[in-house]
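Asks: Submitted below is the structure of interest, expressed as structure tokens.
The values are calculated or read from the model by the stated rules, or taken from the named source; none is laboratory data. No experiment lies behind these values; they were computed from the predicted model shown. All Cβ positions, glycine included, derive from the backbone under ideal geometry; neighbour counts span all protein chains shown. Side chains included, ligands, DNA and RNA excluded: accessible areas come from the protein's heavy atoms. Shrake-Rupley method; radii C 1.70, N 1.55, O 1.52, S 1.80 Å.
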Amino acid sequence: MFGRLRATMQRLFTPLADLLLRRGVSPDAVTITGTVVVTAVALTLLPTGHLLLGGVLIGLFALTDSLDGVMARRSGRTGPWGAFLDSTLDRVSDGAVFAGITLWFVLHPDEPLATAGTVAALACLVLGSVVPYARARAESVGASATVGIAERTDRLVIALVPTGFVQVGLPVAVLVGALALLAVASLVTVVQRVGTVRRQLAVAGPGTADA
């Protein structure tokens, strides 16, 4: 859904990437810094009700997620280590975002649909971690599971936009509905990936996973 935006951001980040590389900043440092900032913002601003500021800051740093990749390509440092680190730390920051939203519902029980919001946010937290795990596990057994309707950027945008606007008057019911739909989309994505891998391994024949 947001592939074109991601490509545009990569082009815009090229001058900044070159500047950071000239200053001796490594792609790994950018990856780690972004994760620390997003996690800190998600677990402090969101639970305490600073939803708009938290959503904006997380969104800005989420857009810069491609900066480390641009730096790696510009410096010739692309490789499995960078991909592993980026993917692993993405799970940390994503978990922090949905944990922060969950905590906001828990700490504000008088909000409309607080219980339903807590359940929906927790479902997004759990299923959001299963989606990338299914893809990684598929690759470990020689299959591919890139299908799905709920990619990482999609999940963050769908969650953060209504979260931020709740503070300026958006009904909480809209946020709860968005989280519920996101949880369903994540579940569908997991099912899609499981079915895709099942078909691939069936075609490949028994013993493929042990190869």
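Asks: To the nearest 20 debye, what charge dipole does segment 1-96 have about its Cα centre, counting +1 at the Cβ of each Lys and Arg and -1 at the Cβ of each Asp and Glu?
Replies: Dipole about the Cα centre, nearest 20: 360 debye.
Asks: Sticking with this one: For the chain, what is the accessible area per residue in Å² when the probe is 1.4 Å?
Replies: I get 53 Å² per residue for the chain.
Asks: Using a 1.4 angstrom probe on heavy atoms only, work out the carbon and sulfur share of the accessible area of segment 25-125 in %.
Replies: 73
Asks: Taking every pair of distinct Cα atoms and averaging 1/r, then inverting, what Kirkwood hydrodynamic radius in Å comes out for segment 45-122?
Replies: 14.3
Asks: Along each principal axis of its Cα atoms, how long is the chain end to end? Whole angstroms, biggest number first, please.
Replies: Result, largest extent first: 54, 50, 25 Å.
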